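Q: Let me give you the structure first, and then I'll get to my questions.
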Amino acid sequence: MPSGPPKHEMAYFPEMTSALPSKSGEFRRVLWTGLYSQVVLMTVPVDGEIGDEVHTVDQALTFTSGIGKATIAGKDQDVKAGDLMVVPAGTQHQFVNTGPTPLHHPKILYTIYSPAEHNPQTVHATKEEGDEEEESGKDEAPDWSQKPKAENEKNGLVNTSGKY
């Protein structure tokens, strides 16, 4: 993933809900970072969790395999492959893999943050590694992904004509 703003070209992830997630074993891998959103692939091991957290960005999570429990703003919801959960900015949330015990059945999901939440180069092998990098400030969204729409238009990063 480039470290600067994305080029004005297609980002294509074939088999996003089937083959692509099953090839990833990392807890977190950033796939793409744009001016206003970010796509992240996550693998939550059996009995694992994302972590009880609150973001200042909107988040949509699509589950591609496994079963689990979502807790959003204190309300529990069972989740399974094919489900989509939306967590508004500033809302407490936690996702736990409650699936079967064999380690080859992790809960796999992809999430879209809007705007970005992580460094575009982020790959965390484990939740612990991710927590450490977030707490130390090593895993921060780039400044260019946090700019307002008007500033991006003024700087020529967004042109409604589609010509660059």
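The values are calculated or read from the model by the stated rules, or taken from the named source; none is laboratory data. In this text, all values refer to a predicted model and were calculated from it rather than measured experimentally. Note that we place each Cβ from the backbone using ideal geometry, even for glycine, and neighbour counts take in every protein chain shown. These accessible areas exclude ligands, DNA and RNA; they are computed on the full protein's heavy atoms, side chains included. Shrake-Rupley method; radii C 1.70, N 1.55, O 1.52, S 1.80 Å.
Q: Within the stretch 72-82, can you find the residues that are modelled with pLDDT of 90 or more and not β-branched (V, I, T)? First the steps, then the outcome.
A: Within the stretch 72-82, the subset modelled with pLDDT of 90 or more is 72-79.
Within the stretch 72-82, A73, G74, K75, D76, Q77, D78 qualify.
Q: Could you please find all residues in the stretch 124-134 being open to solvent by less than 50 Å² (accessible area, probe 1.4 Å) and of a type in the set (G, A, S)?
A: Listed by number, the list holds a single entry, G130.
Q: I've got another one for you. Which of (1) surrounded by fewer than 19 Cβ atoms within 10 Å (Cβ to Cβ); (2) touching a strand residue (DSSP E or B) at 6+ places or on another chain (Cβ under 8 Å); (3) touching a residue at least 24 places away in the same chain (Cβ under 8 Å); (4) among the charged types (D, E, K, R) does E117 not meet, given it meets every other one?
A: All conditions are met except number (1).
Q: Give me a count of the residues in the stretch 118-164 that are in a helix (DSSP H, G or I) and under 16 Å from P5 (Cβ atoms). Before you say what the answer is, go through the steps one by one.
A: Let us first name the residues in the stretch 118-164 that are in a helix (DSSP H, G or I), namely 127-136, 143-146, 149-154.
Add one more test, that the residue is under 16 Å from P5 (Cβ atoms), and what stays is 143-146, 149-154.
Number satisfying all stated conditions: 10.
Residues checked against (1) under 19 Å from V39 (Cα atoms); (2) at pLDDT 90 or above; (3) open to solvent by 50 Å² or more (accessible area, probe 1.4 Å); (4) touching a His at 6+ places or on another chain (Cβ under 6 Å):
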{"position": "D58", "(1), (2), (3), (4)": "yes, yes, yes, no"}
{"position": "S65", "(1), (2), (3), (4)": "yes, no, no, no"}
{"position": "A70", "(1), (2), (3), (4)": "no, yes, no, no"}
{"position": "L84", "(1), (2), (3), (4)": "yes, yes, yes, no"}
{"position": "V96", "(1), (2), (3), (4)": "no, yes, no, no"}
{"position": "L109", "(1), (2), (3), (4)": "yes, no, no, no"}
{"position": "T122", "(1), (2), (3), (4)": "yes, yes, no, no"}
{"position": "S136", "(1), (2), (3), (4)": "no, yes, yes, no"}
{"position": "S145", "(1), (2), (3), (4)": "yes, yes, no, no"}
